[in-house]
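**Q** Before anything else, here's the structure in question.
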Amino acid sequence: MKVLIATEKPFSKVAVDGIRKIVEGAGYEFATLEKYTSADELLAAVADADALIVRSDKVTREVVEAAKNLKIVVRAGAGFDNLDLAACTEKGIVAMNTPGQNSNAVAELALCFMIYMSRNQLTPGTGSELKGKTLGIQAYGNVGRLVASHARGFGMNIMAFDPFVPTEAMEAEGVIVAKTLEELYEKSHFISLHIPATEQTKNSIGYNLLSRMPKGGCLVNTARKEVINEEELIKVLREREDLKYITDVATANHAAIAEEFGKRVYGTPKKMGAETAEANVNAGLAAANQIVDFFTTGNKRFQVNK
Ligand code: 3PG
């Protein structure tokens, strides 16, 4: 049985060593493909893998078809928009994620982004404080909840919108529940996005929502760049000179956006939400344990292609 880690953006050494220990401890063969630069390298590496651990690496239909022995693929992280689930299902491959394991890293980055933008990207000039401002959390899942809890420590008012979480559950945690998404945008100085990239959410954050934000509003995106309707975002930024936007990770057009809007926008060059030593270890080891558990007991708890 061979377990392959294929990561264009590698885990830390400590995480890789931990994964190796779990895999070899279970009696399986361990292999890595790190910092690969072409899809061909990935296609060759997966050829004899029985299990695959990835991060944001694209597991396309081509990859699935090249992986003749593959039985399980685990996305070490939350969002699994990089996996071709239909292709996995057709081939009888179990696809999983590791929910919650890197949430705190992303939540801390969201707070960091808010402060960074409130302080003019750490350049001279008068900034503002988070205290007393309203934070609107779009999607109250693992990350959204942590952002709420951290933001409370800064004295922010917390509002959230999530049609999949019962109102009482959010209220029990001191969150003001927005009845509509429009209300969330209308009442929030900061909007923090925690929605996955799906057919329904892609391009969904655009003019209608952003133009409703109060004066000085800031959109914080640690979710996925695909959920933003970039054309409409640019239109709002042109119309509203008070609005700000910060994103992990920047799109291909970001250089032009940054040039036009200067200190009102910022984008990380590479996605760094989950780039902490702790998140690497948590998500990487969870992925390895889930694989061993699947092979030894058949546990499919975190399967996402059911
Ligand atoms: C996730 O969905 O878990 C995060 O976006 C982390 O992605 P990464 O593993 O590519 O850093």
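Since every read-out is calculated from the coordinates, none of them should be taken as a lab result. Keep in mind it's a predicted model, so treat the numbers as computed, not measured. As a convention, Cβ positions derive from the backbone with ideal geometry for all residues, glycine included, and neighbour counts pool all protein chains shown.
**Q** Can you give the angle from 0 to 90° between the axis of helix 230-239 and the longest principal axis of the chain, with both taken from C-alpha atoms, to the nearest 10?
**A** On a 0 to 90 degree scale, this one is about 20.
**Q** Suppose the Debye formula is applied to equal point scatterers at every Cα of the chain; what is log10 I(q)/I(0) at q = 0.09, 0.13, 0.16 Å⁻¹?
**A** Each listed q maps to, in turn, -0.48, -0.94, -1.24.
**Q** Using the alpha-carbon atoms, what tilt in degrees (0 to 90, nearest 10) does helix 277-297 show relative to the longest principal axis of the chain?
**A** Compared with the principal axis, the helix lies near 40 degrees.
**Q** Note the angle between two axes, namely the Cα long axis of helix 142-153 and the longest principal axis of the Cα atoms of the chain, as a number of degrees from 0 to 90, rounded to the nearest 10.
**A** Tilt relative to the chain: about 40 degrees.
**Q** Hey, another quick one. Using helices alone, what [θ] at 222 nm do you get for the chain, with -39,500 (n - 2.57) per DSSP H run of 4 or more residues, divided over all residues and rounded to the nearest 500? Mind dumping the intermediate values first?
**A** Working: 12 runs with 117 residues, N = 306.
It lands at -11000 deg cm²/dmol.
**Q** Suppose we look only past 18 Å in the calculated P(r) of the stretch 1-115. What percent of the Cα-Cα pairs does that tail hold?
**A** Values: 3338 of 6555 pairs.
Percentage above 18 Å: 51.
**Q** Also, quick follow-up: Considering only C-alpha atoms, what is the centroid distance from the stretch 87-146 to the stretch 14-67, in Å?
**A** Using only Cα atoms to place each centre, the spacing works out to 27 Å.
**Q** Moving on to the next point. Expressed in nm to one decimal, what extension gain is obtained for the pair N299 and S149 from 0.36 nm per residue of sequence separation less their Cα-Cα distance? Show your work: numbers first, answer last.
**A** Working: separation 150, 0.36 × 150 = 54.00 nm, distance 3.17 nm.
Taking N299 through S149 to full extension adds about 50.8 nm, to one decimal.
**Q** Here's a follow-up. Counting other C-beta atoms within 10 Å, which of H189, H150 has the fewest, and how do the rest follow?
**A** Values: H189 21, H150 17.
Going from sparsest to densest Cβ surroundings: H150, H189.
**Q** Between E173 and R61, what FRET efficiency comes out of the Förster formula 1/(1 + (r/R0)^6) with R0 = 51 Å and r the beta carbon distance, rounded to 0.05?
**A** Details: r = 41 Å, r/R0 = 0.80.
That pair, R61 with E173, gives E of 0.80.
**Q** Further question on the same structure: Could you list log10 I(q)/I(0) for the stretch 179-298 at q = 0.10 Å⁻¹, which the Debye formula gives when each Cα is one point scatterer?
**A** Here log10 of I(q) over I(0) equals -0.39.
**Q** Okay, moving on. I need the chymotrypsin sites (Phe, Trp or Tyr not before Pro) found in the stretch 148-202, filtered to DSSP loop residues with at most 12 other beta carbons within 10 Å of theirs. Don't skip to the answer; put the middle values down first.
**A** Numbers: sites: F154, F161, F164, Y185, F190; in loops: F154, F164.
Here the chymotrypsin sites (Phe, Trp or Tyr not before Pro) that fit, given the DSSP loop and packing criteria, are F164.
**Q** Under 5 Å between amide H atoms, partner at least 5 residues away or on a different chain: which partners does G77 have, H built in plane at 1.01 Å?
**A** T98
**Q** If R₀ is 22 angstrom, what is the calculated FRET efficiency for the pair K306 and E199, using the beta carbon separation as r and rounding to 0.05? Intermediate values should be presented prior to the final figure.
**A** Details: r = 18 Å, r/R0 = 0.80.
Efficiency, rounded to the nearest 0.05: 0.80.
**Q** Please compute, for the alpha-carbon atoms of the stretch 103-267, the extent along each of the three principal axes and give them in descending order in Å.
**A** On the principal axes, the stretch 103-267 reaches 44, 38, 28 Å in Cα extent.
**Q** Longer than 24 Å from Cα to Cα, which of K131/K225; K2/K300; K202/K271; K21/K300; K215/K271 are they? Say none if no pair is. Don't skip to the end; give the middle numbers.
**A** Values: K131/K225 28 Å; K2/K300 19 Å; K202/K271 18 Å; K21/K300 22 Å; K215/K271 28 Å.
Table pairs above 24 Å Cα-Cα are K131/K225; K215/K271.
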